[in-house]
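Worksheet for the structure shown next.
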Amino acid sequence: MASSVCFGLANDAVMAELERGGKLEGLSKKEAKQLAGSLVKDRVPALAEQIVGRLGNAGFASVEAANGYINIAFDSNRMAERLIGEVLERGPEYGNAPGIDELVMIEHSQPNTHKAFHVGHLRNSCLGVSLSHIMKAAGYRVQDANYIGDIGMHVIKCLWCYQNFHQGEEPADPIARGRWLGEIYAEADARLNYRKDVLDFLLLLSTEDQQFIAAIDRMLKYLWREGGAGDDVVGEDIAYLLGRVANAQPIKDELLYRQDVIPRFWPIVGEQLADAIDHPRILPPVEGAPEPTTTPEERVAVWRKLETHMQEWWVPSMTWRDDVKAMFQLWEERDPDFVNLWEETREWSLADFRRIFDELGASFDIWFFESQVEEPGKQIVRELLEREIAEVSDGLPVVKIDEKLGLKTETYRTLPILRSDGTTLYSTKDLALTRQKFEEHGVDRAIWVVDVRQALYFQQIFKILELMGFEQAGDAYHLPYEMVRLPEGVISSRKGNVPVYDDIRDAVVARAREIIEEKNPEMPLADKERVSWEVAIGSLKYAMLARDNNKMITFDLDEALSFDGHTAPYIQYAHARACRILEHAGVTVEDLAGSLDRFDLGAVASEELSLLQAIAALPDDVRQAAAEYRPLVIANYVFDLAKRFNDFYHACPVLQSEEPVRTARLALVAATRQALANGLGLLGIAAPTVM
RNA sequence: GCCCUCGUAGCUCAAUGGAUAGAGCGCUUGGCUUCGAACCAAGAGGUUGGGGGUUCGAUCCCCUCCGAGGGUACCA
């Protein structure tokens, strides 16, 4: 234990002396401080010495001054005896705080049905699961809530794509259907964005590819000769394209007379792009033109990707967005056939999610579904309109929050609470759900584990409820966390680079299995299966938790596959080693607890002291982690503890040492094992006894 | 424009007002006949983005500038 009070005392003493001596007269405040500052530095060590001299040992094992600090040491053996006694007695409860009569609901994991569960969802679930354990350890009563996005535009898009292009193609294996549905959604997204992608690409070419601009005139003349000569309508379209590209302006597809102009233009664009690579020409730089953001090779790659669907998609895609909107109306009318389809496919995704949550150790007391809060949400909108908190602006109900609060600077802005066609938004549903949490579930505090991009949104929701006079809005907290990225950039279904959870898990489990095969080939088969799973999932979880909430995580599969260093397996390994030592000794925890009245480590080694201090820190760290909603505190704790344990067993032989040290060290090992298991448990990570 | 977050060793990250700013990865060197080497030891590596302020004391709090990312009315 160290104390830094000397600095403050020295400062007071120096200032008092200076004043008494009249040395401060005529000096500005700043000069006085500087003078005092220079004297304080020299004074502190002497003062510390003085205090130590006066204090003597004062009942402590030792009291000494160092660098102006007073270091107080307890009798290590007595402290160790008490600490280890507490750990062994409380067992899995060690570290927990006394109960508090407060019910906290933690909403996390919110995946959307009809979409893939990916590495971004993984961070959310890991955070939610761990926070739930930590809050329980800190004494709160906790309810875990899930909130499934089972309706909304994404569902409609997916079902539209399924019904029009893939009906009857679903895999026979029921457990593969959720994932397959996710792929259908991705295709729906690609189809619905296809026109925009094509036109954006042409705009990109016309802004940064000098050769393309130079060739555009020639290309369009060729197009004219090939198919359009004598057709005035095509001629107009060609003139339009020429004008837009030459001036680097966006092309508007609705202004084209003939929808097949783009598909006919497309192969010529491809030839031109290929030609630009084969015969690069240096064109004079254009004044003020921005540096190209893409290489010719990248441009060809994009062209090829779009080319695969050009003939099939371009013309029909004209009406797709309207088709999707029409389908949304089927939902609004609760069209029986549509509802049947929705229920069936929804269940495919839910089956997938239940399996994944089971793998992740996420259990929920309550499952909320977006589809269930649409009606209560609409009711709240009506109420808000009646009470004139909301108003209709640009054809849809919104709440102008700043205006209602009388704020002059823009802070909460305006939130739409219903679409102009009467269909619900995320906000419609969250208003209802928030009220339900407090009123129907009687919680005292509600926490939302949702990514940071929705920070403003949640402030808006909570403020609107406050405007309604809903007092408990003050007990609603959004816990924001940063995104998961990939080494090559953001995760984006548009780019098709979404790492799906199942794939990552398979890779990591396989790697864990490989290492066990290598290190521990004689392990029984069932153990190999279980342990490789525990290590793999633990490793993934630790990577998600050992980073502060407000820091981006760059997910690198190669790193995830490495189990060395600052990882869960390092900590799990320390735990397994501790278990093995106890197993060799053939003693039970009860034996060791009973031996504590004769506890004697002899001369306590620095590694032992350091380990004891780490074990003792758990209750404080639990408090801090809960107060700050930061599992990172516990992730740091277990790593630090494992590290100190490694130091300990390399420096201090346990089984070979003489009594009474042997038994005392065994008790220390048992306490370490317990603290490691408890810490890992708070993170939702398994503590295998063998690896 | 306005608001939020981040900037620490080559890379990925800790440390939130106190002692000489710590780990991991990577690099160099050493340690398995020993309670399990998924480990340990040693070495190299820092003007904590720049500047100012508050404080006895600042990576941490405040101001400002630079750089990166995100949000900002009918996506969720």
Members of segment A:76-121 that are part of a loop (DSSP other than H, G, I, E, B), of a type outside the set (A, V, I, L, M, F, W, C) and open to solvent by 20 Å² or more (accessible area, probe 1.4 Å):
A:Asn96, A:Pro98, A:Gly99, A:Asp101, A:Glu102, A:Gln110, A:Lys115
Being in contact (Cβ under 8 Å) with a residue 40 or more places away in the chain, more than 30 Å from A:Ser62 (Cα to Cα) and open to solvent by 50 Å² or more (accessible area, probe 1.4 Å) narrows it down to one residue among A:Thr689, A:Thr588; which is it?
A:Thr689
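Each row is one residue, and each column tells you yes or no for (1) surrounded by fewer than 18 Cβ atoms within 10 Å (Cβ to Cβ); (2) at pLDDT below 90; (3) farther than 25 Å from A:Val531 by Cα; (4) in the same structural domain as A:Trp533 (by TED's automatic domain parsing).
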position: A:Leu561; (1), (2), (3), (4): yes, no, no, yes
position: A:Gly565; (1), (2), (3), (4): yes, no, no, yes
position: A:Phe599; (1), (2), (3), (4): no, no, yes, yes
position: A:Ala614; (1), (2), (3), (4): no, no, yes, yes
position: A:Asp620; (1), (2), (3), (4): yes, no, yes, yes
position: A:Pro653; (1), (2), (3), (4): yes, no, yes, yes
If only one of A:Val399, A:Val392, A:Val381, A:Val324 is among the hydrophobic types (A, V, I, L, M, F, W, C), open to solvent by less than 70 Å² (accessible area, probe 1.4 Å) and in a strand (DSSP E or B), which one is it?
A:Val399
Among the aliphatic types (A, V, I, L, M), open to solvent by less than 50 Å² (accessible area, probe 1.4 Å) and within 19 Å of A:Asp502 (Cα to Cα) - does that describe any residue in segment A:337-355?
yes
Among the residues listed as A:Tyr570, A:Tyr542, the single one being of a type outside the set (A, V, I, L, M, F, W, C), at pLDDT 95 or above, under 33 Å from the mean Cα position of the chain (by Cα) and within 9 Å of RNA strand B (Cβ to nearest atom)
A:Tyr570
Flag if A:Val509 is under 23 Å from A:Ala362 (Cα atoms) and in contact (Cβ under 8 Å) with a residue 40 or more places away in the chain:
no
Quickly run through segment A:122-153 and pick out the residues that are within 11 Å of RNA strand B (Cβ to nearest atom) and either open to solvent by 10 Å² or more (accessible area, probe 1.4 Å) or of a type outside the set (A, V, I, L, M) (or both).
A:Tyr147, A:Gly149, A:Asp150, A:Gly152, A:Met153
So which helices (runs of 4 or more DSSP H) stay within segment A:167-278 end to end and still have 2 or more residues that are among the aromatic types (Phe, Trp, Tyr)?
A:177-208, A:210-223, A:261-278
Give the residue, chosen from A:Arg54, A:Arg82, that is at pLDDT 75 or above, more than 30 Å from A:Phe599 (Cα to Cα) and charged (D, E, K, R).
A:Arg54
Long-range neighbours under 6 Å by Cβ, at least six apart or interchain, first residue part of a loop (DSSP other than H, G, I, E, B) within segment A:602-613, second polar (S, T, N, Q)
A:Val604/A:Ser76
Going by what's in this entry, would A:Tyr481 be described as more than 16 Å from RNA strand B (Cβ to nearest atom), hydroxyl-bearing (Ser, Thr, Tyr) and in contact (Cβ under 8 Å) with a residue 60 or more places away in the chain?
no
If you go through segment A:71-111 one residue at a time, how many are within 16 Å of RNA strand B (Cβ to nearest atom) and touching a Gly at 6+ places or on another chain (Cβ under 6 Å)?
2
When you check A:Phe555 against the structure, is it within 11 Å of RNA strand B (Cβ to nearest atom) and open to solvent by less than 20 Å² (accessible area, probe 1.4 Å), yes or no?
yes
In segment A:345-383, the residues that are closer than 19 Å to A:His118 by Cα and within 16 Å of RNA strand B (Cβ to nearest atom)
A:Arg346, A:Ser349, A:Leu350, A:Phe353
For segment A:154-173, state whether one or more residues are open to solvent by 10 Å² or more (accessible area, probe 1.4 Å), in contact (Cβ under 8 Å) with a residue 40 or more places away in the chain and more than 36 Å from the chain's Cα centre (by Cα).
no
How many residues does segment A:626-643 contain that are more than 7 Å from RNA strand B (Cβ to nearest atom) and either part of a helix (DSSP H, G or I) or not assigned by TED's automatic domain parsing to the domain that holds A:Asn678 (or both)?
10
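The values are calculated or read from the model by the stated rules, or taken from the named source; none is laboratory data. Everything numeric here is computed off the predicted structure, so don't read it as measured data. Please note: Cβ atoms are built from the backbone with ideal geometry, for glycine as well, and neighbour counts cover all protein chains shown. Surface accessibility is based on the protein's heavy atoms, side chains included, excluding ligands, DNA and RNA. Shrake-Rupley method; radii C 1.70, N 1.55, O 1.52, S 1.80 Å.
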